[in-house]
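Participant: Take a look at the following structure, please.
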Amino acid sequence: MPAPDAVIGRHLDQLSLEQRRALAGQWVAYEVYSIERTPLRRIEALGPSVSDCISVLKRRGLDPYLYEFTPLRPPY
């Protein structure tokens, strides 16, 4: 599995098929869209559960309430 640092800050479409296959089943956090800001849909946290993603966001000084959590599916 790719190191989380290699994935955070990247858009899902920037990952190779091998990376996406390796990450299938993991959870990612994306910034929630609002009228005030238009996030770029970058991966901001990665982990085996939502609570792990929340921990990553908090360690990075980010507010978890501003993020949505999605499980990654296989690329095809």
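Participant: Kindly state, to the nearest 0.05, the FRET efficiency for residue 22 paired with residue 58, given R0 = 22 Å and r defined as their beta-carbon distance.
Facilitator: My answer for the efficiency is 0.30.
Participant: At residue 41 and residue 1, where each label point lies 7 Å from the Cα along Cα→Cβ, what is the point-to-point distance in nanometres?
Facilitator: Calculated label separation equals 2.4 nm.
Participant: When 31, 68, 36 are ordered from fewest to most other Cβ atoms inside 10 Å of their Cβ, what list results?
Facilitator: 36, 68, 31
Participant: Same structure, new question: For the stretch 13-71, what relative contact order do you get, as a whole percent, if you take Cα pairs closer than 8 Å and at least 6 residues apart? Before the final figure, lay out each step's value.
Facilitator: Numbers: 72 pairs, mean separation 22.8, N = 59.
Over the stretch 13-71, the number comes to 39 percent.
Participant: While we're on this one: At what distance in nm do the modelled label points of residue 34 and residue 50 sit from each other, each positioned 7 Å from its Cα along Cα→Cβ?
Facilitator: For residue 34 paired with residue 50, the spin-label model returns 1.9 nm.
Participant: Ok, one more. What residues have an amide H closer than 5 Å to that of residue 43, excluding those fewer than 5 places away on the same chain, when H is modeled at 1.01 Å from N in the peptide plane?
Facilitator: Here 9, 10, 11, 12 satisfy the definition.
Readers should treat all values here as calculations from the given coordinates under stated rules, not as data from a laboratory. Predicted model only: the values in this text are computed from it and were never measured. We place every Cβ from the backbone using ideal geometry, glycine too, and count neighbours over all the protein chains shown.
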